[in-house]
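A.B. asks: Dropping a structure here in structure tokens format, bear with me for questions.
Just so you know, all these numbers are worked out from the coordinates, no wet-lab data involved. Remember, it's a predicted structure, so these values are computed and weren't measured experimentally. Don't worry about glycine lacking a Cβ; one is built from the backbone with ideal geometry, like all the others, and counts go over all protein chains shown.
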Amino acid sequence: MNHLKTLIREVPDFPKPGILFYDITTLLKDADGLRALIDELGASYVGKGIDKVVGIEARGFIFAPAVAYALKAGFIPVRKPKKLPAPVERVEYQLEYGTDVLEIHRDAITPGENVLIVDDVLATGGTASAVAKLVEKLGGKVAGLGFVIELDFLKGRDRLPGYDIRAMLHY
């Protein structure tokens, strides 16, 4: 998978000075790279009995439906507040400076279902941890968390003890 790193553009000082941003849009536009990434993410969970794949707004929406399709599973969006039309469960979680909120439809997961959570980047682990709590609150079993990129130096895994975590690319 490391060959996919050549397809990711590195943008210095974005969104603010001192940050090196890994831009996945250059990977997304490469048909072979995108296919390899989705195939590998899905392959990690074949035979694990995945019932649903959760994608986290917004970039998780790019990958999660494709992985769900590959695994013959359903797709569930987790969104920012007031974007979902039916009754929701919500979780408020800490960011570096402040808090954020995510929501999921209350009927999105049937108790006992195996759920895979997919997002683009594992950074500090706060968002992924919040989504895992939402899944478990609805009675789902978190079968794994899959990421395109993991920023190892931020130690996001430390906030996700006991979960099966897979990242395709490490920085």
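A.B. asks: In the stretch 116-130, is there at least one residue being assigned to a loop (DSSP other than H, G, I, E, B) and over 28 Å from Ile19 (Cα atoms)? Before the answer, list the steps.
C.D. replies: Residues of the stretch 116-130 that are assigned to a loop (DSSP other than H, G, I, E, B), as a first pass: 123-125.
Next, only the ones that are over 28 Å from Ile19 (Cα atoms) stay: none.
Checked the stretch 116-130: no residue is assigned to a loop (DSSP other than H, G, I, E, B) and over 28 Å from Ile19 (Cα atoms).
A.B. asks: Report, by residue number, each residue of the stretch 48-68 that is within 13 Å of Asp120 (Cβ to Cβ), surrounded by 22 or more Cβ atoms within 10 Å (Cβ to Cβ) and not hydrophobic (A, V, I, L, M, F, W, C).
C.D. replies: Gly55, Gly60
A.B. asks: Kindly indicate whether any position in the stretch 92-114 is in contact with a helix residue (DSSP H, G or I) (Cβ under 7 Å, 6 or more places away or on another chain), in contact (Cβ under 8 Å) with a residue 24 or more places away in the chain and of a type in the set (Asp, Glu).
C.D. replies: No - not one qualifying residue is present in the stretch 92-114.
A.B. asks: When only residues in the stretch 24-57 that are touching a strand residue (DSSP E or B) at 6+ places or on another chain (Cβ under 7 Å) and among the aliphatic types (A, V, I, L, M) count, which is farthest from Ala70 (Cα to Cα)?
C.D. replies: Ile24
A.B. asks: Regarding the stretch 87-95, can at least one residue be identified that is over 15 Å from the mean Cα position of the chain (by Cα), assigned to a loop (DSSP other than H, G, I, E, B), aromatic (Phe, Trp, Tyr) and over 23 Å from Leu28 (Cβ atoms)?
C.D. replies: The initial filter retains those residues of the stretch 87-95 that are over 15 Å from the mean Cα position of the chain (by Cα), namely 87-95.
From what is left, the residues that are assigned to a loop (DSSP other than H, G, I, E, B) are 87.
Of the ones still in play, those that are also aromatic (Phe, Trp, Tyr) are none.
No, every residue in the stretch 87-95 fails to be over 15 Å from the mean Cα position of the chain (by Cα), assigned to a loop (DSSP other than H, G, I, E, B), aromatic (Phe, Trp, Tyr) and over 23 Å from Leu28 (Cβ atoms).
A.B. asks: Suppose we filter the stretch 1-26 for residues that are in contact (Cβ under 8 Å) with a residue 60 or more places away in the chain and either in a helix (DSSP H, G or I) or surrounded by fewer than 10 Cβ atoms within 10 Å (Cβ to Cβ) (or both); how many remain?
C.D. replies: Qualifying residue count, the stretch 1-26: 3.
A.B. asks: Across the stretch 27-47, what is the number of residues that are in a loop (DSSP other than H, G, I, E, B) and surrounded by 13 or more Cβ atoms within 10 Å (Cβ to Cβ)?
C.D. replies: Result for the stretch 27-47: 3.
A.B. asks: Report yes if Leu71 is crowded, with 17+ Cβ neighbours inside 10 Å and of a type outside the set (Gly, Ala, Ser), otherwise no.
C.D. replies: yes
A.B. asks: Please find, within the stretch 99-139, the residue that is surrounded by the most Cβ atoms within 10 Å (Cβ to Cβ) out of those that are under 12 Å from the mean Cα position of the chain (by Cα) and among the polar types (S, T, N, Q).
C.D. replies: Thr127
A.B. asks: What number of residues within the stretch 150-166 are closer than 22 Å to Gly42 by Cβ and part of a loop (DSSP other than H, G, I, E, B)?
C.D. replies: The total comes to 3.
A.B. asks: Condition test on Glu92, is it surrounded by fewer than 12 Cβ atoms within 10 Å (Cβ to Cβ) and touching an Asp or Glu at 6+ places or on another chain (Cβ under 8 Å)? Spell out the reasoning first.
C.D. replies: Details: surrounded by fewer than 12 Cβ atoms within 10 Å (Cβ to Cβ): yes; touching an Asp or Glu at 6+ places or on another chain (Cβ under 8 Å): yes.
Yes, satisfied.
A.B. asks: Among Asp152, Asp158, which is surrounded by fewer than 17 Cβ atoms within 10 Å (Cβ to Cβ), without any contact (Cβ under 8 Å) to a residue 24 or more places away in the chain and not aromatic (Phe, Trp, Tyr)? Lay out the reasoning, then the answer.
C.D. replies: Numbers: Asp158 fails: without any contact (Cβ under 8 Å) to a residue 24 or more places away in the chain.
Checking each option against the conditions leaves just Asp152.
A.B. asks: Ok, one more. State whether the residues of the stretch 70-78 include one that is part of a helix (DSSP H, G or I), out of contact with any Pro (no Cβ under 9 Å at 6 or more places or on another chain) and not hydroxyl-bearing (Ser, Thr, Tyr).
C.D. replies: yes
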